[in-house]
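In what follows, a single structure is set out as structure tokens and then discussed.
The values are calculated or read from the model by the stated rules, or taken from the named source; none is laboratory data. Fair warning: this is a prediction, and the values are worked out from it, not measured in the lab. Accessible surface areas use protein heavy atoms only, side chains included; no ligands, DNA or RNA. Shrake-Rupley method; radii C 1.70, N 1.55, O 1.52, S 1.80 Å.
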Amino acid sequence: MATLDISRLTPKERLELIGELWDSLSPADVPLTPAHEAELDRRLATFDADRREAIPWEDLDAELDRRSR
């Protein structure tokens, strides 16, 4: 396996590499603990209960972009 000198990468490039590595994993590669599964179940139930109050990602992204200017 070839080695990669990550010190030569910019922070943006390193973050992109992290994303690529994460995306290369299947769900079976990342087992959840029972506590994590319970937390995900709790969050999904909360989301389902409050779905009408959810903000679409596009709206949130636009608002964050507006605030960062």
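Could you work out the helix-only [θ] at 222 nm for the chain, with each DSSP H run of four or more residues adding -39,500 (n - 2.57) and the total divided by the number of residues, to the nearest 500 deg cm²/dmol?
Values: 3 runs with 40 residues, N = 69.
So the helix-based figure for the chain works out to -18500 deg cm²/dmol.
Of [x] 13.6; [y] 14.3; [z] 16.2, which is the value of Kirkwood radius over Cα pairs in Å derived from the coordinates here?
The listed entry that was calculated here is [z].
Say we join alpha carbon atoms closer than 10 Å with springs in a Gaussian network model of the chain; which of Leu40, Leu32, Leu15 then has the biggest fluctuation?
Looking only at Leu40, Leu32, Leu15, the largest GNM fluctuation is found for Leu15.
Fully extended, how many nm does the chain gain between Asp23 and His36 (0.36 nm per residue separation, minus their Cα-Cα distance)? Intermediate results must be reported in sequence, preceding the final value.
On the way: separation 13, 0.36 × 13 = 4.68 nm, distance 1.93 nm.
Going from the current span to full extension adds 2.7 nm.
Nearest 10 degrees, 0 to 90: what angle lies between the long axis of helix 11-23 and the longest principal axis of the chain (Cα atoms)?
For 11-23 against the chain, the angle is about 70 degrees.
Working from Cα positions, state the angle (0 to 90°, nearest 10) between the long axis of helix 57-67 and the longest principal axis of the chain.
On a 0 to 90 degree scale, this one is about 70.
Can you pull the percent of the range 1-60's accessible area that's carbon plus sulfur, 1.4 Å probe, other chains left in place?
61
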